[in-house]
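As structure tokens, the structure follows; a few thoughts come after it.
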Amino acid sequence: MVTSVQAPLFVPANRPERFAKAALSDADAVILDLEDAVPAAEKDSARANLAADFTDKPVLVRINAAGTTSFQADVDALKALDVAAVILPKAEETTNVTALWTALDGRVPVIALIETAAGLANARALASLEGVVRLAFGSIDYCADLGCAHKREVLLPVRSELVLASKLAGIAAPIDGVTADLADPEAAYTDAAHAKDLGMTGKLCIHPKQIDEVRRAFAPTKAECDWAGRVLASGDGAATVDGAMVDEPVRIRARAILAAASRGEAQ
């Protein structure tokens, strides 16, 4: 399910020789990119390369933004494919998202990629639309749009708003944007851990070596699982565990940790 994807890997759609290799990685989904990764002169050939039968993993496609010269051709290309979701970049207007959902006959879930001030202002409305199953954050484009620094403290309210918008709409928690730093192997981990702390449940990956770090960040640690076990063993009502008060809200958190661990391997 695309709603539970944690570490999807981008692959330029103009590089079909990389599709199967990406699927063999530890990514839990593959994103075929028709947008930023593809030069303008290769948009048509990239579109012709689209496929979903090279893997059993979810295949997502990031198309070009509404209003661009490539948008309609991208949508038309998706009509013949069985993909897990379509990612709409520069998602801003609800009418564009609804039009995309309708054009694909209401069968392809939409992930709205928030990359601008206008997108953030409409995040709650976008998250509530029929067909939208998740929000994602395009942090680099967002900073370019606002002219702000790409720093955690600057983007904290943006990430928090996307988490809140998703919760209010009753959809899955959002996917964080990419980590551009490929030189530091810990960068993807620390960025993903920050996103997890804020309530996000996934992170876009641009290189295979980021995948394990992202999944490690989102997986409950053994210490967290041990703590959750002690909390749930404390019974009902108010209790004390490890010197801290425990009541039902704390037990809800403990159950969530153990549920996440059951879906993967604790670190």
Next on the checklist: Could you report the chain's accessible area per residue, 1.4 Å probe, as an integer in Å²?
Outcome noted: 46 Å²
Item to check | Angstrom value of the Kirkwood radius, inverse mean 1/r, which spans all Cα pairs in region 122-258 | outcome: 16.7 Å
Next on the checklist: Quick check: the distance between the Cα centres of region 148-172 and region 67-122, to the nearest angstrom?
Outcome noted: 20 Å
Item to check | Approximate spin-label separation residue 103-residue 180, in nm, with each point projected 7 Å along Cα-to-Cβ | outcome: 2.9 nm
Checklist entry - In the chain, what is the volume of the convex hull around the alpha carbon atoms, normalised per residue and reported in Å³? => result 138 Å³
Checklist outcome for this item: The whole-number value in µm²/s of the Stokes-Einstein translational diffusion coefficient for region 29-174, with Rh from the Kirkwood sum over alpha carbon pairs at 20 °C and 1.002 mPa s, is 138 µm²/s
Checklist entry - Taking only the alpha carbons of region 208-253, what extent do you get along each of the three principal axes, in Å, biggest first? => result 46, 16, 14
Checklist entry - To the nearest 10 Å², what's residue 151's accessible area with a 1.4 Å probe? => result 110 Å²
Checklist entry - Per the 1.4 Å probe, what fraction of the accessible area of region 64-191, in percent, lies on carbon and sulfur atoms? => result 55 percent
Checklist outcome for this item: Taking 0.36 nm per residue of separation between residue 17 and residue 263 and subtracting their Cα-Cα distance, the length gained on full extension comes to 85.5 nm
Item to check | Positive minus negative residues near residue 209 (Lys, Arg vs Asp, Glu; Cβ under 15 Å) | outcome: -2
Checklist outcome for this item: With R₀ set to 51 angstrom, the calculated FRET efficiency between the beta-carbons of residue 156 and residue 240, to the nearest 0.05, is 0.95
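In deg cm²/dmol, rounded to 500, what helix-only [θ] at 222 nm does the chain give when every DSSP H run of at least 4 residues adds -39500 (n - 2.57) and the total is split over its residues?
Computed mean residue ellipticity for the chain: -12000 deg cm²/dmol.
The values are calculated or read from the model by the stated rules, or taken from the named source; none is laboratory data. None of these values were measured; they are calculated from a predicted model. A quick note on method: Cβ atoms are made from the backbone with ideal geometry, for glycine too, and the neighbour counts reach across all protein chains shown. Calculation scope for accessible area: heavy atoms of the full protein, side chains included, ligands and nucleic acids excluded. Shrake-Rupley method; radii C 1.70, N 1.55, O 1.52, S 1.80 Å.
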